[in-house]
Amino acid sequence: MATNKSEIFFVFMAFVLISSVKAGDDKVQMMCNQTKNPSLCVAVVHLDSREELKTNFTGLVKITTTAALTNATNVITYLKNRIPNEKNETNKEGLKECLSEYETDVTHEFINGLGLLNDAKYQDPKSNWRYEMLQRQIGGGAVSATFCVESPDVGDKDPLRNFTKMVWAIGMLASDLISLEHCNKLTCQN
């Protein structure tokens with residue numbers, strides 16, 4: 001039975017995730033348990049080496065948004081390599097549209113969200129305006145990523161579908177953490 005590169009990658013990622021979990025990560029676990037996808041949250045956070053960001057929701061938003069951006073950039077590289085080899089002209093056009101979506105919308109939304117997170121004048125986590133802008137930027141990047149599931153018509157086994165789902169899932173996780181950060185500062189009740 002032959003294994004493909006994506007299977008090897010996912011086995012490697014599972015190994016990295018299991019081996020990276022350390023004692024003393026109770027705070028990360030506590031914050032991630034409040035998200036809609038705690039296991040993905042813990043996995044993404046543990047892959048990031050910036051320990052200083054793992055102490056609060058804002059740090060976790062930075063980590064997850066950076067991970068979503070990294071994955072989106074990897075999708076761009078994948079598409080640039082795939083498009084010249086695509087034989088079906090209809091699919092080739094769809095892949096080009098997908099590439100354009102990632103280059104113009106998906107990555108830019110995540111980059112703009114990171115910019116807002118790092119801009120000193122937008123540091124008040126209680127600000128409804130800040131919350132709405134972050135949601136619009138980072139959540140928008142995640143939603144824009146789903147365009148590639150619909151166009152081109154990729155099958156269930158197409159790696160592009162899985163790559164796109166991962167960008168969407170991590171982007172939505174970041175969006176979820178933005179809500180938790182905002183609510184935590186306002187002492188919202190879930």
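Structural remarks
- Reach of Lys157 by Cα under 17 Å, taken over aspartates and glutamates that are not fewer than 8 positions away in the same chain: Glu7, Glu86
- Karplus (6.51, -1.76, 1.60) ³J(HN,Hα), θ = phi - 60°, over the range 93-108, in Hz, Gly and Pro reported as x: 5, x, 5, 5, 5, 4, 4, 4, 4, 5, 6, 9, 10, 4, 5, 5
- Mean projected area of the convex hull spanned by the Cα atoms of the range 57-139, taken over all viewing directions: 5.7 nm².
Read-outs throughout are calculated quantities, based only on the coordinates presented, and are distinct from any laboratory measurement. None of these values were measured; they are calculated from a predicted model.
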